[in-house]
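All remarks here apply to the structure that follows.
The values are calculated or read from the model by the stated rules, or taken from the named source; none is laboratory data. If you're wondering where the values come from, they're calculated on a predicted model, not measured in any experiment. Cβ sites come from the backbone with ideal geometry, for glycine too, and all protein chains shown count toward neighbours.
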Amino acid sequence: MADAALFEFLHTEMVAELWAHHSDPGPGGQKMSLSVLEGMGFRVGQALGERLPQETLAFREELDILKFLCKDLWVAVFQKQMDSLRTNHQGTYVLQDNSFPLLIRMAAGLQYLEEAPKFLAFTCGLLRGALSTLGIKSLVTASVASLPTCKFQVVIQKT
Amino acid sequence: MVHTSLDVVDEKISAMGKALVDQRELYLGLLYPTEDYKVYGYVTNSKVKFVMVVDSSNTALRDNEIRSMFRKLHNSYTDVMCNPFYNPGDRIHSRAFDSMVTSMMIQVC
């Protein structure tokens with residue numbers, strides 16, 4: 001579907017735009033832009049978390065929700081499923097994508113490793129937003145060891 | 001009265017979680033009948049609860065009509081959520097949502 005390319009281009013432009021007009025190129029400004037991207041992803045995730053599970057049956061436990069994220073949410077946004085989901089059964093989940101669509105066009109290997117976080121912030125927010133609509137407060141971080149494989153770590157915040 | 005029905009909804013949800021019920025439906029059905037009103041409940045996956053209070057004298061309302069009303073409510077609510085100007089948790093000011101609800105109520109009366 002051509003829609004996938006549309007989102008990829010839009011996302012690339014979003015990142016480029018935020019970094020082009022950097023008033024503060026130091027680490028403080030970087031953090032600002034990263035949190036702007038994450039905030040955008042969060043709002044989109046909230047809306048998706050409402051729309052996507054509409055026809056599915058009620059989720060019975062936390063793991064069901066994570067599986068829903070890995071399958072339905074990933075397919076809806078990236079046209080593929082998450083490659084692996086691991087958990088320590090104590091509120092931490094690691095979602096691994098071996099060929100993340102937003103990174104796959106950049107490089108294969110260690111080139112551009114420092115730039116990768118910019119392209120993952122939106123997706124971290126997306127996961128956090130969807131989880132929050134489904135009733136789970138969480139903290140999502142991403143890490144890249146070598147492009148295009150990336151891992152998203154979801155830590156459930158117990159209140 | 002809506003608050004007491006919310007308690008019943010919570011009861012039903014927690015019952016669903018513990019019992020190994022295959023039916024994980026979103027529609028909760030008739031919550032409990034009182035003298036003047038019947039109350040129906042529906043819960044979404046995002047734990048948003050819809051409560052509908054119907055006058056008991058209106059006996060013509062069938063179960064599947066109520067179900068379709070809840071489905072329309074859920075769809076409109078999803079549209080409201082996707083509105084970028086809407087902050088989740090606020091009171092809903094959307095005119096489209098209001099007109100959908102009003103037209104549904106008119107249809108029934």
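Can you spot a residue in segment A:80-91 that is in contact (Cβ under 8 Å) with a residue 24 or more places away in the chain and closer than 22 Å to A:Gly39 by Cα? The answer is no; no qualifying residue exists. Of all residue pairs spaced 6 or more apart or on separate chains, those with beta-carbon atoms under 8 Å, a first member in segment B:81-109 that is under 20 Å from B:Asn45 (Cα atoms) and at pLDDT 80 or above and a second member that is of a type in the set (A, V, I, L, M) and assigned to a loop (DSSP other than H, G, I, E, B) are B:Tyr86/B:Ile92. When segment A:48-59 is limited to residues that are assigned to a helix (DSSP H, G or I), within 7 Å of chain B (Cβ to nearest Cβ) and touching a residue at least 60 places away in the same chain (Cβ under 8 Å), the one that is farthest from A:Glu17 (Cα to Cα) turns out to be A:Pro53. The listed residues are A:Leu34, A:Leu66, and the only one of them that is in a helix (DSSP H, G or I), touching a helix residue (DSSP H, G or I) at 6+ places or on another chain (Cβ under 6 Å) and not β-branched (Val, Ile, Thr) turns out to be A:Leu34. I'd like the full set of residues that are modelled with pLDDT of 85 or more and in contact with a Gly (Cβ under 6 Å, 6 or more places away or on another chain), limited to segment A:7-24. Passing the criteria: none in range.
Could you please let me know if A:Ala116 is surrounded by 15 or more Cβ atoms within 10 Å (Cβ to Cβ) and either closer than 25 Å to A:Gln54 by Cα or β-branched (Val, Ile, Thr) (or both)? It is false that A:Ala116 is surrounded by 15 or more Cβ atoms within 10 Å (Cβ to Cβ) and either closer than 25 Å to A:Gln54 by Cα or β-branched (Val, Ile, Thr) (or both).
Among the residues of segment A:33-60, the ones that are farther than 16 Å from B:Tyr77 by Cα, out of contact with any Gly (no Cβ under 6 Å at 6 or more places or on another chain) and hydrophobic (A, V, I, L, M, F, W, C) come to 7 in all.
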